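Right, one structure below, let's go through it.
The values are calculated or read from the model by the stated rules, or taken from the named source; none is laboratory data. Keep in mind that what you see is a predicted model, and the values were worked out from it rather than measured. Here the Cβ positions follow ideal geometry from the backbone for every residue, glycine too, while neighbour counts run over all protein chains shown.
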Amino acid sequence: MTEQENVSVLLSNAYESLRSADLAAAMGLFDRALSADYENAEVLYDLKCANFWKEKLARMEAIQNPFERGEYILTQWKSFSSFVSKLAGDFERARYSFKRFAFSFALRQYEALPPDEKDSQEAEIALRIGRCHKGAGDFDAALHSLESAAQARRDDAEILAELADTYALGGDNRSSKALFREAFYLGAQRIDLGFLESEMIRRLIEKVRALGCSGPELAEWIPVYGAIYGVFTVKRELKAVEAGKLVQSIYQLENELKENADQRAILVPRLINRYFWLIDYYMAVREDRVKIDEILLKIRLLDGSIYKQYTA
């Protein structure tokens, strides 16, 4: 076996250890790979990543509650994503293995919760277990947990977004588009964009970010441009009572916008998205064209550019 082949085998074994959430074993293999080839770029990359997690796990020892430990690891995953984006090299196999490590390790924490604590936070725990399975690449297990969470809390934007993301990763784009549209309507601010990873939603997020949107308003513009760019195309017809609530929420947002001009960056895209939903409802029930034109005029007055793109 050549030196390079030996390093390749050591790295493959190390990545398998990471997938089993065994950081210590992986680090031992990385050290052996470094001894075999101390200039190997991928090995150096791996060691930087492994040392990041070694430090974070050492700090985690002070946390006793399994739920809090799981939350800590998922928070550190976001920090790690920022950390690796600044490292030299493009090692997809390594990034994927460390991703599986982080989510598998977090999953162990949530699964270690006492039964009574799991029962008292059933939907919350199911959401997090589903998120961890998704991050670890087990989409079937993720769907099982997330569908359970969605049954317990049908109008939870965060749960629906995670479920939509998992459907997309599993190849069910139709269900994904419908659920993403629903989730961002129910509460864009409750959706943690950092945990969404399917190509469809990541591309949409990056397109909206490239337009100059950032901070809290980024999430509010996603469903607006999702409609304009033809991403959120799977729609359901609202029931009469839902349409009534939609009209009421529009009325409240219009008043809120008049009274809180400083919140315009968030309220304008939120209101436009609701206008889109109302137009879809009017078209589904064959409402008089005059009512649709009234909503279109409101959109034009709010944002002429969006109006032009929407009606093009």
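Side notes on the structure shown:
- Condition met for residue 294 (free of Cβ contacts under 8 Å to residues at least 12 places away in the same chain, on the phi < 0 side of the Ramachandran plot and surrounded by fewer than 17 Cβ atoms within 10 Å (Cβ to Cβ)): yes
- Test: residue 73 is closer than 25 Å to residue 118 by Cα, of a type in the set (Val, Ile, Thr) and not in a helix (DSSP H, G or I): no
- Inside the stretch 130-147, residues that are among the hydrophobic types (A, V, I, L, M, F, W, C) and buried (at least 23 other Cβ atoms within 10 Å of the Cβ) make up a count of 3.
- Only listed residue being touching a helix residue (DSSP H, G or I) at 6+ places or on another chain (Cβ under 7 Å), at pLDDT 95 or above, outside the structural domain of residue 267 (by TED's automatic domain parsing) and loosely packed, with under 15 Cβ neighbours inside 10 Å, chosen from 202, 209: 209
- Matching residues in the stretch 169-215 - criterion: being part of a loop (DSSP other than H, G, I, E, B) and under 23 Å from residue 265 (Cβ atoms): 191, 192, 196, 211, 212, 213, 214, 215
- Within the stretch 77-129, being aromatic (Phe, Trp, Tyr), farther than 20 Å from residue 153 by Cβ and surrounded by 18 or more Cβ atoms within 10 Å (Cβ to Cβ) holds for 77, 80, 91, 98, 101, 103, 105.
- Residue count for the stretch 216-262 satisfying the condition of being surrounded by fewer than 14 Cβ atoms within 10 Å (Cβ to Cβ), touching a residue at least 40 places away in the same chain (Cβ under 8 Å) and not in a helix (DSSP H, G or I): 3.
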